[in-house]
């Protein structure tokens, strides 16, 4: 477990934290909420909504602070689209740190945000009318699922920090987790990452990135 990581203020006024294990921020210093909105809400969930999905199964690689899950909950309620959200985290953030984050002040849903962190691992709970949540405290290498998903939020730490998670075998695992036409989005646009996605079978789309990044990646399971 990460013990008392450094709390930082990102460029859009939302908090992030710096991992004491990997010595890197959990979110973009240019804006944590903005990055989450651009990379995961707009590039993935809004993309599926425009393709007339009325129910979405999400797999998130890296629960972290819970920001992506909270923003997805808010999106599900706003659009009245049922979301079944699964997430995995090998190094959970402590509750004492979570209570210091200002996401509740900025986004609302403070009670729901805390429930994401305090509910038991490996159990499923309906957190709100349109959002069902399940989290797994394990490494992705040991995770297996018979369920398939419509979208993968690939939000591991950057390739120079966790290189083993960005290689072709992991991209094949993500490919196998998705239904046909499923979507993977990531803040990363490195060439090696995109080559691994292509080798796994994905079709690659380059999209404008969030502040501080020229590009990001959306990959479609062909």
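Between residue 137 and residue 95, the contour length at 0.36 nm per residue exceeds the Cα-Cα span by 13.7 nm.
Label sites at residue 128 and residue 77, each approximated as a point 7 angstrom past Cα along Cα to Cβ, lie 0.4 nm apart. What does DSSP give for the chain in terms of the percent of beta bridges that are antiparallel, rounded to the nearest 5? Close to 50 percent. Sorting the Cα pairs of segment 18-105 by distance into bins of 5 Å, from 0 upward, gives 3, 12, 23, 25, 19, 11, 5, 2, 0 percent per bin.
Taking other Cβ atoms within 10 Å as a rough exposure proxy, 4, 174 sort from fewest to most as 4, 174. Here residue 23 and residue 206 are evaluated by their C-beta separation; at R0 = 22 Å the FRET efficiency comes out at 0.15. On full extension, the segment bounded by residue 213 and residue 168 gains 13.9 nm, given 0.36 nm per residue less the C-alpha separation.
Of 145, 14, how do they rank once you tally other Cβ atoms within 10 Å and put the fewest first?
145, 14
For the chain, modelled as a Gaussian network with Cα springs under 10 Å, which listed residue fluctuates most, 100, 28, 36? Sorting by GNM fluctuation, first place goes to 100. Computed extension length for residue 30-residue 181: 51.2 nm, one decimal, from 0.36 nm per residue of separation with the Cα-Cα distance subtracted. Highest GNM mean-square fluctuation among 190, 80, 147, for the chain modelled with Cα contacts below 10 Å: 147.
State, as an integer percentage, the relative contact order of segment 6-221 based on alpha-carbon contacts under 8 Å between residues 6 or more apart. Write out the running numbers ahead of the final one.
On the way: 401 pairs, mean separation 42.6, N = 216.
Rounded, it is 20 percent for segment 6-221.
Can you bin segment 97-162 into rounded, prolate or oblate? Criterion: square roots of the alpha carbon gyration tensor eigenvalues sorted a ≥ b ≥ c, rounded for a/c under 1.5, prolate for a/b above b/c, oblate for the rest. Please report the intermediate quantities before stating the final value.
Details: a/c = 1.87, a/b = 1.26, b/c = 1.48.
Here segment 97-162 falls in the oblate category.
The value obtained for segment 1-61, namely the Cα convex hull volume divided by the number of residues, is 100 Å³ per residue.
Across all C-alpha atoms in segment 30-183, the radius of gyration and Dmax reach 14.7, 40 Å.
Once both labels are positioned 7 Å from their Cα atoms along Cα-to-Cβ, the gap between residue 4 and residue 55 label points is 4.7 nm.
A short reminder: the numbers here are calculations on the coordinates, not readings from a lab. Not measured: the values here are computed from a predicted model. A quick note on method: Cβ atoms are made from the backbone with ideal geometry, for glycine too, and the neighbour counts reach across all protein chains shown.
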